[in-house]
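The values are calculated or read from the model by the stated rules, or taken from the named source; none is laboratory data. Remember, it's a predicted structure, so these values are computed and weren't measured experimentally. Every residue, glycine as well, gets a Cβ built from its backbone with ideal geometry; the counts of neighbours run over all protein chains shown. What goes into the accessible areas is simple: the full protein's heavy atoms, side chains included, and nothing from ligands, DNA or RNA. Shrake-Rupley method; radii C 1.70, N 1.55, O 1.52, S 1.80 Å.
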Amino acid sequence: MGSNNELAMVKKDVVDIVTGKVREFTSAGELHFPPNYSVENAMKSAWLILQETKAKTQDKQEVPALTHCTRDSIANALLNMAVQGLNPAKKQCYFIAYGNQLTCQRSYFGNIYLAKLADPEIEDIIGTTVYEGDEFEYFIHRGKTFIRKHVQSLGNVDKKKIVAAYATVLRKDGDANREYSSIMTMDQIKQAWKQSKMYPIDDRGNIKTGSTHDKFTADMAEKTVINGICKQIINTSTDNYLVME
């Protein structure tokens with residue numbers, strides 16, 4: 001890790017300045033946060049996490065992100081976290097370094113959190129895997145997908161026999177007519193994984209042996225469809241959920 005003096009300068013020149021600017025924007029009514037969101041707590045958590053975050057040099061050596069990444073990118077990552085009302089201590093976002101650029105990426109938990117804020121009538125968003133041999137039926141009404149039937153037996157559960165996964169938006173009122181889903185075939189899921197910086201898919205289109213996506217294929221497939229449906233909810237919503245009480 002870099003020297004204490006280096007870290008102290010980063011905190012003073014970046015973290016403290018971003019925190020102060022956020023306070024100014026909030027006081028002026030130019031920036032609003034979700035109810036009960038503490039930007040100070042989020043910043044403190046981010047600072048602790050960033051001290052352990054690593055970046056890779058061109059020769060693949062791991063170095064501290066705080067001393068390797070540009071200060072502008074660190075500031076932008078922190079501001080991105082704050083504007084979205086995310087808390088890294090709750091794993092709602094992750095700090096990832098690409099070269100000397102630090103980024104803040106919303107996580108699976110962050111997507112669900114913001115989707116619930118965007119639509120307070122959402123109780124939960126769940127993912128389900130479809131295997132070969134499952135009885136599975138769905139229908140489409142007004143462009144939205146609804147699951148009519150899904151019957152599964154334990155004998156079908158095999159990561160090598162996954163054919164699809166779907167995410168369903170559960171409503172607090174339990175109205176099944178409003179609980180729509182999003183379905184992705186395994187081929188579509190693999191195409192999405194090809195865009196991942198983790199590179200879980202090889203050149204032949206197979207899941208790399210030993211990768212997280214290989215060990216927990218069903219979990220990763222469900223997270224993929226959940227992330228997709230959450231982003232649709234978040235990106236098509238207004239900013240009303242960011243107005244403070």
Original post:
Over the chain, what relative contact order in percent results from Cα pairs under 8 Å that are six or more residues apart?
Top reply: 18
Subject >> Taking all pairs of distinct alpha-carbon atoms in the chain, Kirkwood radius in angstrom >> reply: 20.2
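Return the carbon/sulfur percentage of the accessible area of the chain, one whole number, probe 1.4 Å, all protein chains in place.
48
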Original post:
Helix 108-118 versus the longest principal axis of the chain: what is the Cα-based angle in degrees, 0 to 90, to the nearest 10?
Top reply: 90
Subject >> Anisotropy class of the range 1-119 from Cα gyration tensor, a/c 1.5 cut >> reply: oblate
**OP:** Might you tell me the accessible area per residue for the chain, computed with a 1.4 Å probe and given in Å²?
**Re:** 58
**OP:** Name the residue farthest towards the positive end of the dipole of the range 70-160 from the options His150, Gln105, Ile140, assuming +1 on Cβ of Lys and Arg, -1 on Cβ of Asp and Glu, about the Cα centre.
**Re:** Gln105
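I need the calculated FRET efficiency for the pair Arg171 and Lys12, taking r as the beta carbon distance and R₀ as 51 Å, to the nearest 0.05. If you can, show how the numbers build up before the last one.
Values: r = 47 Å, r/R0 = 0.93.
Computed FRET efficiency for Arg171 and Lys12 comes out at 0.60.
For the cross-link pairs Lys56/Lys194; Lys116/Lys231; Lys54/Lys160; Lys11/Lys231, which exceed 23 Å when the distance is taken from alpha carbon to alpha carbon?
Among Lys56/Lys194; Lys116/Lys231; Lys54/Lys160; Lys11/Lys231, the Cα-Cα distance tops 23 Å for Lys54/Lys160; Lys11/Lys231.
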**OP:** Sticking with the crude label model, points 7 Å out along Cα→Cβ, report the distance from Thr236 to Gln195 in nm, one decimal please.
**Re:** 1.7
Original post:
By how many nm would the segment from Glu179 to Ser38 lengthen if fully extended, with 0.36 nm per residue of separation less the alpha-carbon distance?
Top reply: 47.6 nm
Original post:
If the cut-off is a Cα-Cα distance under 15 Å, which aspartates and glutamates reach Lys21, setting aside same-chain residues fewer than 8 apart in sequence?
Top reply: Asp13, Glu30, Glu40, Asp72
